[in-house]
Amino acid sequence: MALPKTVRILEVGPRDGLQNESTPVPAAVKIELIHRLQDAGLKMIEATAFVSPKWVPQMADNAEVMAGIRRKPGVNYPVLVPNMKGLEGAIAAGAEEVVVFGAASEKFSQRNTNCSIDEGLARFEAVAQAAIARGLRVRGDISVCLGCPYEGEVDPTAVVHVAQALDAMGCYEITICDTIGTGTAGKTRRVIEAVAKHIPVERLAGHFHDTYSQALTNMYAALECGVATFDCSVSGLGGCPYAKGATGNVATEDVLYLLDGLGIETGIDMNKLIAAGDYICGFLGRPTLSRVARAIRAKAA
Ligand code: HMG
Ligand code: MG
């Protein structure tokens, strides 16, 4: 299959990138990061999560972050919501797009959201119904599609089950997530082909953590299947508090370099993107995980 001509990038740094940080990151820093990312040309920025602050303390400032963003026309700021309480918070904060997040394994679903896969889906159905009735857009993420930290191998049929349920409840896009980065290109292809038998591939997205250094390869395998939307995180920040040892998402800078090389237009300015990464890495006091950012900086020095 020919590669997609255009690709949508969803920047998840302010949410997935920071949710796992043990030291609090002030709302002002998150807001400044979001401003720098949108100035770099990113059109979709996952801003925060309306989850329980007891479960993920780093996202407790969700309303403050949403209130502080200088919203730029043409930019979407989706937020994670696990239940109706989260949706209420998201609506009060002026969110226009919400993301429900299920899992393809029972144990991960329990650890991440304290409920079974099907209990989670029932909650998401109520969330999606209420959100769509209010004119919000709803996406659906599926965790552990390429491997689970508690159950190991995940059968593609488990992914298909969740994807079909998310589709039926009105998610406009469904994201195949490799939460712990154990996936490889062959596995990625198999899962996407299995899901694409039921849901048009144009409505699928990829979210690849880079723990085993396979994320770019997995993304390329997904591109070859026709997937044209990818989540990534500036400087490769991130991880999930309920997936021990998993590192961040594929770095946005590395994704941009790949797409530029393929002649796929994104409208993102590499220098400004790297500067946004420098800003957050400077705050966190650690070097970027983006090989591309390091190489470009080294060349300029
Ligand atoms: P629970 O403890 O079973 O919730 O947690 P509950 O309904 O029994 O309520 C308990 C208390 O939490 C109550 O307060 C609720 O009001 C409150 P209390 O009466 O004790 O004072 N509560 C909330 N507060 C704020 N916002 C809410 C909310 N809901 C309940 N939305 C729950 C169940 C789902 C809430 C919890 O497990 C949770 O928040 N989980 C989220 C975990 C999370 O955020 N994980 C990281 C994001 S997912 C991820 O990173 C993967 C992804 O990147 C894709 C990939 O890589 O795979 C997306
Ligand atoms: Mg993730």
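The values are calculated or read from the model by the stated rules, or taken from the named source; none is laboratory data. No experiment lies behind these values; they were computed from the predicted model shown. No Cβ is skipped: glycine too gets one built from the backbone with ideal geometry, and neighbour counts run over all protein chains shown. These area figures cover heavy atoms from the full protein model, side chains too; ligands, DNA and RNA do not enter into them. Shrake-Rupley method; radii C 1.70, N 1.55, O 1.52, S 1.80 Å.
Here are the numbers:
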{"item": "Among residues of region 148-187, those that are within 13 Å of ligand 1 (Cβ to nearest atom) and among the small types (G, A, S), counted", "result": "2"}
{"item": "Exclusive hit being within 30 Å of Q38 (Cβ to Cβ) and of a type in the set (D, E), set E88, E153, E119", "result": "E88"}
{"item": "So Q129, is it without any contact (Cβ under 8 Å) to a residue 40 or more places away in the chain and outside any loop (DSSP other than H, G, I, E, B)", "result": "no"}
{"item": "Residue match in region 89-96 (condition: over 30 Å from L284 (Cα atoms), more than 17 Å from the chain's Cα centre (by Cα), aliphatic (A, V, I, L, M) and open to solvent by less than 30 Å² (accessible area, probe 1.4 Å))", "result": "no"}
{"item": "Filter pass, C145 being over 24 Å from G183 (Cα atoms), open to solvent by less than 10 Å² (accessible area, probe 1.4 Å) and either assigned to a helix (DSSP H, G or I) or modelled with pLDDT of 95 or more (or both)", "result": "no"}
{"item": "In region 217-227, the residues that are away from ligand 1 (no atom under 15 Å from the Cβ) and either surrounded by fewer than 20 Cβ atoms within 10 Å (Cβ to Cβ) or assigned to a helix (DSSP H, G or I) (or both)", "result": "T217, Y220, A221, L223, E224, C225, G226"}
{"item": "Among (1) at pLDDT 95 or above; (2) within 15 Å of ligand 1 (Cβ to nearest atom); (3) surrounded by 24 or more Cβ atoms within 10 Å (Cβ to Cβ), the one test that Q214 misses", "result": "(3)"}
{"item": "Index of the failed condition, M66 passing every other in (1) without any contact (Cβ under 8 Å) to a residue 40 or more places away in the chain; (2) over 30 Å from E32 (Cβ atoms); (3) in contact with a Ser or Thr (Cβ under 7 Å, 6 or more places away or on another chain)", "result": "(2)"}
{"item": "Given (1) of a type in the set (G, A, S); (2) open to solvent by 20 Å² or more (accessible area, probe 1.4 Å); (3) part of a strand (DSSP E or B), number of the condition G74 does not satisfy", "result": "(3)"}
{"item": "Contacts under 8 angstrom Cβ, first residue in region 100-118 being away from ligand 2 (no atom under 16 Å from the Cβ), partner among the basic types (K, R) and part of a helix (DSSP H, G or I), 6 or more apart", "result": "C115/R123"}
{"item": "Residue under evaluation E193, criteria (1) open to solvent by 40 Å² or more (accessible area, probe 1.4 Å); (2) within 22 Å of L237 (Cα to Cα); (3) in contact with a helix residue (DSSP H, G or I) (Cβ under 7 Å, 6 or more places away or on another chain), criterion not met", "result": "(2)"}
{"item": "Selected residue [out of contact with any Ser or Thr (no Cβ under 7 Å at 6 or more places or on another chain), modelled with pLDDT under 95 and either hydroxyl-bearing (S, T, Y) or away from ligand 1 (no atom under 14 Å from the Cβ) (or both)] from R190, R203, R297", "result": "R297"}
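Rundown of residues vs (1) in contact with a strand residue (DSSP E or B) (Cβ under 8 Å, 6 or more places away or on another chain); (2) closer than 27 Å to R139 by Cα; (3) open to solvent by 60 Å² or more (accessible area, probe 1.4 Å), yes/no style:
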residue: G236; (1), (2), (3): yes, yes, no
residue: T247; (1), (2), (3): yes, yes, no
residue: D260; (1), (2), (3): no, yes, yes
residue: N271; (1), (2), (3): no, no, yes
